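Data block below; observations after.
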Amino acid sequence: MYNNSSILERNLLSLSLQNKELAVELTKAELSSVVSFKESRNNKSIIPVINRSNRDYALHSTFDPQKEGLRYSDSVKGGGYIVVFGLGGGYHIRELLKRNDINGILIIDKDIEILKAILSSIDLSDVLSDPRIFILIDKTSSYIREFLPENYLPAITGNFQTISLRARIDSDKEYFLSIFDTIKEVMDTLSDDYTVQTWFGKKWFLNSLSNLEPAESSTTILRSQRNISIAGAGPSLELYLDELADNKRNTFLISTDTALACLLKNSIKPDLVISIDCQQISYQHFMAGYPKDIPLVLDLASPPLLSRLSNKTLFFTSGHPFSRYVNKNWRQFPFIDTSGGNVTHAAVSLAESLGASNIYIYGADYSYPQGKSYARGTYVYPYFSTRTDRTIPLESNFYKFLYRNENISMIKTDYGFRYITRPMLNYKGRLETFAKKLNANIIPVKGLGVDIDITPKEKVIHEPSIFSAGESRSSWKEFLNIYKQKLKNLTVPDLPPSRYFSSLDYTDKDVWTTLFPVAAVIRKKYRDENIKSSVLLSDVRDWALDAIDQHL
């Protein structure tokens, strides 16, 4: 009664429009023996039933699955991109597809033989042919961990939400729970990254445009170093100023930009300085002066003012999309990992790129020991001193600075107390994870902050290397004019975002990707998750073209 070859053919034909690979797999699959079907009590629908361990799981309401599907749809607020756990008879998905604010639906399910049984009995051709639909069957956590970041584009598709067919989850609980955990892990990372983009997306782009000219003429080369010390700006740096001055470890000294003023005030001249912040406030770190003979390593998205400080400026690329595009299509700059979210993490990446066998870290407290935020001599001291008077003493400014953090808490220590925050602990955790991947011994020198848990490596091989940029393929103006023309040639999408981007050739997709951080800023400006992707992307492209014209 329910197994109908013509229904299966219609479904497979519709599915092949969006997912040809899955359609081919289904033609080869067997029909599952654990699936049966029953009519709803209102005699309007067919309900799939899965039998596990002599227990039947009806995947929808046995009375009115359409009404139940409407409730599922109503539970989704604000539209966006929806992950649906369980296809079932598709009643919940059909209701979602009636909404114009849904930009994409990813259906995750298990057992291709169950899927074939359902598609042999229930006509879902209208659902499967919708360009917003994509189905993953029997995929592992590692597969989904790679798939999701490439197919969910938060700046373009908006909200991320999930809904689940409860009975389908219960019938294969172990599988679905593992996928839940994977998606939560991926989304935590994407959410952090997207939040940063909403603040800095435009700055990254504009700063990178301005830095193209000095980046073209940069010829600084950094030689390999076996032992490297890194100066972070935490209060514990004060404990080791004498040691750094004496250079007891006979190491090459990298200063973070935040620590530079403290070192110079104590007559310690680092061998190089690294800065990654795109904000103009980072210039405050250099207000005490900068010795022009010290190499300055800058993110391509650093404030343009910084490139004028040193006679030995060297740019690097990080994870910013436009920076990666420049690296691939114009001039190859060395890469530094900035995913840790702080300059000490980036300094460790730089040290490892210089071939270091041993990397000593000073002043990385990842907390506020005894309520202090930075070592004395760093930028906050003169900065707050200028804002001090009889009614607002220096301590008040430091207190406000400290308590700008949410979820701050105090813990007692052997020497008194320290304040900790969630972002600081996250930075520490990322450094610990990062250290495991490196071919170097990371040695955090114990201070007053939280302990950094890094296990020393038994054997490290020193591999000499050179840190420098490659040859530019053209002048910066020629490169920018070519990029501008590619932006002009981009079509405004008339398909759902995920489907539109998957339909593009590699070059066009690459160009659009450079503007995703800008899109995050502009979406935030609208404060409307229901904005059409075509309108958003048109605004993003126009903004970028205007920025390029002004720069040229």
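The numbers here are math on the coordinates, done by the rules we state, and not lab data. In this text the structure is predicted, and so the values were computed from the model without any measurement. Every residue, glycine as well, gets a Cβ built from its backbone with ideal geometry; the counts of neighbours run over all protein chains shown.
Observations, loosely collected:
- Within the set (1) 24.4; (2) 26.1; (3) 31.0, the number that mean projected area of the Cα convex hull in nm² takes when calculated for this structure is listed as (3).
- Using the rule -39500 (n - 2.57) for each DSSP H run of four or more residues, divided by the residues of the chain, the 222 nm mean residue ellipticity is -13500 deg cm²/dmol.
- Packing-based ranking, highest mean first, of 83-90, 159-166, 467-474 given that Cβ atoms within 10 Å are counted: 83-90, 159-166, 467-474
- Divided by 2.2 N^0.38 Å, where N counts the residues, the Cα radius of gyration of the stretch 250-329 comes to 1.12.
- Spatial separation of Cα centroids for the stretch 277-306 and the stretch 473-513, in angstrom: 31 Å
- Too-long pairs where the Cα-Cα distance tops 32 Å, listed order kept, from Lys372/Lys459; Lys173/Lys524; Lys312/Lys477; Lys428/Lys509: Lys372/Lys459; Lys173/Lys524; Lys428/Lys509
- With eigenvalues of the C-alpha gyration tensor scaled by 5 and rooted, the stretch 129-268, Å: 47, 23, 15
- The stretch 5-189: C-alpha gyration tensor shape, a/c 1.5 cut-off, then a/b vs b/c: rounded
- Averaging 1/r over every pair of different alpha carbons in the stretch 90-169 and inverting the result gives a Kirkwood radius of 14.0 Å.
- Under 9 Å, Cβ to Cβ, from Val34 - net charge with Lys/Arg +1 and Asp/Glu -1: -1
- Cross-link partners of Lys486 among aspartates and glutamates (Cα-Cα below 18 Å; sequence separation of 8 or more within a chain): Glu478, Asp505, Asp508, Asp510, Asp539, Asp542, Asp546, Asp549
- Spatially proximal aspartates and glutamates relative to Lys292 (Cα-Cα < 14 Å; intrachain offsets below 8 disregarded): Asp271
- Rounded to whole numbers, the Karplus 3J(HN,Hα) couplings from phi for the stretch 354-360 are 7, x, 5, 8, 10, 10, 9 Hz, using 6.51 cos²θ - 1.76 cosθ + 1.60 with θ = phi - 60°, and x at Gly and Pro.
- Given Lys184/Lys436; Lys20/Lys437; Lys77/Lys532; Lys44/Lys110, the pairs whose alpha carbons are separated by over 28 Å: Lys20/Lys437
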